[in-house]
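Since the structure comes first, as structure tokens, the remarks are kept for the end.
Each value in this text was obtained by applying a stated rule to the coordinates, not by laboratory testing. Fair warning: this is a prediction, and the values are worked out from it, not measured in the lab. In this analysis, Cβ positions are derived from the backbone assuming ideal geometry, glycine residues included, and neighbour counts consider all displayed protein chains.
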Amino acid sequence: MHDFRSDTVTKPTPAMREAMAKAEVGDDVFGEDPTVNKLQDVVAWKVKKEAGLFFPTGTMANQVAIKCWTEPGDEILLERRSHIMNYELAAFAVVSGVLPRAVEGERGIIRVPALARELRPKTYYLSAPSLVCIEDTTNMTGGTVYPLAVLKEIRAWTTESGLFLHLDGARLWNAAVAQKVEPFEIAQYADSVMVSLSKGLAAPAGSVLCGPADFIEKARKWRKLLGGGMRQSGILAAAGLVGVMTMIDRLAEDHENARALAAGLAGSRFKTDPPETNIVIIDVRETGKGSDFVIAQLKKAGILATPADAARVRLITHNDVGKEAVNAAVQAFRELK
Ligand SMILES: *Cc1c(COP(=O)(O)O)cnc(C)c1O
């Protein structure tokens, strides 16, 4: 089986297993795990924020960020198809008591005019907008990357409008590699940023939330409240460190494989937008069948994929699917009945 369902299926590398076995650990609730502390420092340094905090998942890190930037009854603005909007179980409503205002992006990329249309005045008789969340790279809209000029405009607008800006950077590393910039050149526009270790970087678990020191202190309390205060989590952080130190540059291979997959389907019944990173969204309408049917057929040919929606299939390239897997996927699509 070639598993293109997600880059989360990546198994920890031998170097990660070794680092995990040897990791120096302590009780992180007391702030005494040296490996966790090192990971937080390294990631905060990479995105040039004052501090970082290790979380079991990206979902918890995103939700704690929302909690720290808002008051109950506030509004948050976010893209209609974003992860926070659709795949975090409306946790923003449960944890933070905020109202989401969906903004329509172009392949997931929101621009200032679309945000401005959804911004309501800050007045006592209306729920107050306080936070914008953006996703870079975007997930369900095809791994698209925010042009730096767009981020700069959004930042200027959020500042002028008195809003905080949180960056869901689960795949920030992919965006940086695709744009050939350092991660901080993207993260500089956001007040806080969440990055994942468990996706393209292949670590078994974990995300890091970064931002100003006082924000991270507040986040530490909410992480604990939600049950995310772990103990000898340096075992996990050790794998994450190997990820951020050695696995970022190789994401370029995943991007190349995604382009090869799209190129292999050129001229077939399957239309794809040009992949910008490691996510390929494939339109299956011309088969006259839905994405679930196509996914079942692909599975019979040894290819695992997920639906992006009823008419589109999503394939993600990663460390555990190389050129051979890509060729097999192209063949499976072309031979699809
Ligand atoms: C995967 C993902 C998350 C959540 O990360 P988990 O660790 O799975 O909770 C958040 N945002 C985006 C864009 C993602 O792709």
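If packing is taken as the average count of other Cβ atoms within 10 Å, what order do 146-153, 314-321 fall into, highest mean first?
314-321, 146-153
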Cα-projected label distance for residue 93 with residue 299, points at 7 Å along beta-carbon direction, nm
3.0 nm
Those lysines that a straight Cα-Cα span of less than 29 Å connects to residue 271, excepting residues fewer than 8 apart in one chain:
180, 199, 289, 299, 300, 323, 337
Express in nm, to one decimal, how much length is gained between residue 331 and residue 122 on full extension, taking 0.36 nm for each residue of separation and deducting their alpha carbon distance.
69.7 nm
Calculate, in nm to one decimal, what residue 156 and residue 27 gain on full extension: separation in residues at 0.36 nm each, minus their alpha carbon distance.
42.4 nm
Nitroxide proxy distance, nm - points 7 Å out along Cα→Cβ at residue 188 and residue 221:
3.2 nm
Please state the charge dipole magnitude for the chain, taken about the Cα centre, from unit charges on C-beta atoms (+1 on K and R, -1 on D and E), reported in debye and rounded to the nearest 20.
740 debye
Gyration tensor (alpha-carbon) shape descriptor, the chain, a/c threshold 1.5:
oblate
Under the 7 Å Cα-to-Cβ spin-label approximation, residue 292 and residue 213 lie apart by a distance in nanometres of 5.4 nm
Largest fluctuation, 161, 82, 207 only, Gaussian network model of the chain with Cα springs under 10 angstrom, belongs to 161
